[in-house]
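Structure record follows, encoded as structure tokens.
The values are calculated or read from the model by the stated rules, or taken from the named source; none is laboratory data. Computed from a predicted model, the values in this text were never measured in an experiment. A quick note on method: Cβ atoms are made from the backbone with ideal geometry, for glycine too, and the neighbour counts reach across all protein chains shown. Surface accessibility is based on the protein's heavy atoms, side chains included, excluding ligands, DNA and RNA. Shrake-Rupley method; radii C 1.70, N 1.55, O 1.52, S 1.80 Å.
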Amino acid sequence: MSGRLVLALLVVATAACRGPGERAERELDVTLPDAWGSAAPDVGHPVDVDWWRAFVDDDVQALVEEALAYNVDLRAVAARLLAADAAARLQGAASLPLAELQLSRDRSKRTFIGFPVPGSGGEPASTRATVYQAGLAVSWELDVWNRLAAREQAAGQDTLAAWADLAAARIALVAEVLQAWFGLVEAERQVELAEGTARSWEDSTQLVLRRYEQGLRPALDVRLVSVDLERARAEVARLGRLRAEAARRLELVLGRHPSGELAVAGDLPEPAGPVPGDLPATLLARRAEGFLLDAFLGALAPVVQIVPLDLSGGV
């Protein structure tokens, strides 16, 4: 038996003799900090309602403002908010005293049969009378079982829910406009790239054709390069149709007629930079809220003939 084998058996025997609760301990030369922390930015404040202005140019901002003013879906949500507010005001009026003023006017004619009047051509005698009546009725329902107050509170909550729906619809509309604009810009860049490729194949076709006429290239090369040219032209046509679809999609969001002729200027915005790695989890709780509803509905008033609501004091 060799010496290495004997040494290995001794190591195994020593490990087997250690109890099940025993383990080898060794010290690591690692210095741990007293506390863990991160210089994360403060993200407790809500997102600005005009968050999209930070990374798009004036042309795109004009498109977003046009969508906010003329989008039919957003106008429908705003109309539902007005209806909910009117219903809440109606429920609040039910707890107030009700006064009804009634005015009436009655005009009558009485004819006396058998008593002709001299000089009337044999017509019977008649009289006319006009009676005016006025009445005032006052009623008030005493809310003993809190029925009216509960209905008014429920209507107020419906108004707040409609308000939240309008805020969510506004945020979703802005995101939809930007997404449609990104898609249209991307489609135009792809069309430009495909057109450049087609022009390159046209130059190659002309070059091969001249060399064929000079007897330097076979007819097969002319046929092959012609096939590649037609394939590039077909790709231009396909991407052109996709570009028109992207334009129609954006025009529908803006409230325009989907003609597919909308052209966008500029290119995609530059990235703002890498996302920091020390952002807290509370960032997920941020919402684009707190915008001025009165100003928003005031911008829509010329389009849908609505009156801005004053919900600053609550419902």
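Numbers below:
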quantity: Close pairs (9 angstrom Cβ cut-off, 6 or more residues apart or separate chains): within 12 Å of Val174 (Cβ to Cβ) and touching a residue at least 60 places away in the same chain (Cβ under 8 Å) in the stretch 63-78, surrounded by 20 or more Cβ atoms within 10 Å (Cβ to Cβ) and basic (Lys, Arg) anywhere; calculated: Leu68/Arg170; Leu74/Arg170
quantity: Answer from Ala154, Ala164, Ala172, Ala168 - the residue that is modelled with pLDDT under 90, in a helix (DSSP H, G or I), small (Gly, Ala, Ser) and within 16 Å of Leu90 (Cα to Cα); calculated: Ala154
quantity: Top-ranked residue of the stretch 251-263 - restricted to ones that are open to solvent by less than 20 Å² (accessible area, probe 1.4 Å) and closer than 15 Å to Leu74 by Cβ, ranked as nearest to the chain's Cα centre (by Cα); calculated: Val253
quantity: Gln102 being among the polar types (S, T, N, Q), in a helix (DSSP H, G or I) and either open to solvent by less than 80 Å² (accessible area, probe 1.4 Å) or modelled with pLDDT of 75 or more (or both); calculated: no
quantity: Trp201 vs. criteria open to solvent by 80 Å² or more (accessible area, probe 1.4 Å) and part of a helix (DSSP H, G or I); calculated: yes
quantity: The stretch 161-198 - residue that is open to solvent by 70 Å² or more (accessible area, probe 1.4 Å) and polar (S, T, N, Q) and, of those, farthest from Ala234 (Cα to Cα); calculated: Gln179
quantity: Selected residue (only one of Val144, Val131, Val138 is open to solvent by 60 Å² or more (accessible area, probe 1.4 Å), closer than 21 Å to Ala93 by Cα and part of a strand (DSSP E or B)); calculated: Val138
quantity: Residue match in the stretch 191-214 (condition: under 30 Å from Gly255 (Cβ atoms) and either in contact (Cβ under 8 Å) with a residue 24 or more places away in the chain or in contact with a Pro (Cβ under 6 Å, 6 or more places away or on another chain) (or both)); calculated: yes
